[in-house]
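These notes are about the structure you will find just below.
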Amino acid sequence: MALDLTGACLAQHLDACDDLPAETRRQAMLARVNAFIDHNLGDPDLGPAEIAAHHHTSVRSLHALFRQQGESVAASIRRRRLERCRTDLTDPRMRLRPISAIAARWGFLRPADFSRAFRVAYGVTPRELRQTALRGLPMPNGPR
């Protein structure tokens, strides 16, 4: 995969992207999209339309790219945001930061929506996870 990405990068600089195999182009696009998502997780407006526009592709093509990964664009964004929130909630340095502020930092503007999504993903509320982490108890497993 690293070789494919290197080839795609070189091809882009040489204006020879059309000469690359379709799978190499797909992997390179997926890597760029994933990097963009990770970089912009805190933007509450991050969604398929913004991602597609930034990468000069259609929303339909973006969904097709993710379909091959077995996870929708929206599900990928939600999972990554929840992972970042979980990391922050278990970080002792963040213990004084309100849970709602952590959620907002990663794009969840409505605390009730965040709490519900977190509980579905991890089987505990954000508050329960934080209390468990601060007491030094074993953490619940990752996403269900």
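Every read-out reported here was derived from the displayed coordinates using simple, explicitly stated rules and does not represent laboratory data. It should be emphasised that the depicted structure is a prediction, and the values quoted were computed from it without experimental measurement. Don't worry about glycine lacking a Cβ; one is built from the backbone with ideal geometry, like all the others, and counts go over all protein chains shown.
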Between SER72 and ALA35, what FRET efficiency follows from the Cβ-Cβ distance if R0 is 22 Å, with the result rounded to 0.05? 0.75
Sticking with the crude label model, points 7 Å out along Cα→Cβ, report the distance from THR132 to ASP45 in nm, one decimal please. 3.7 nm
Taking r as the C-beta separation of ARG79 and ALA53 and R0 as 22 Å, the FRET efficiency to the nearest 0.05 is 0.50
For every other residue with a beta carbon closer than 15 angstrom to the beta carbon of PRO92, add +1 if it is Lys or Arg and -1 if Asp or Glu, then tell me the sum. +4
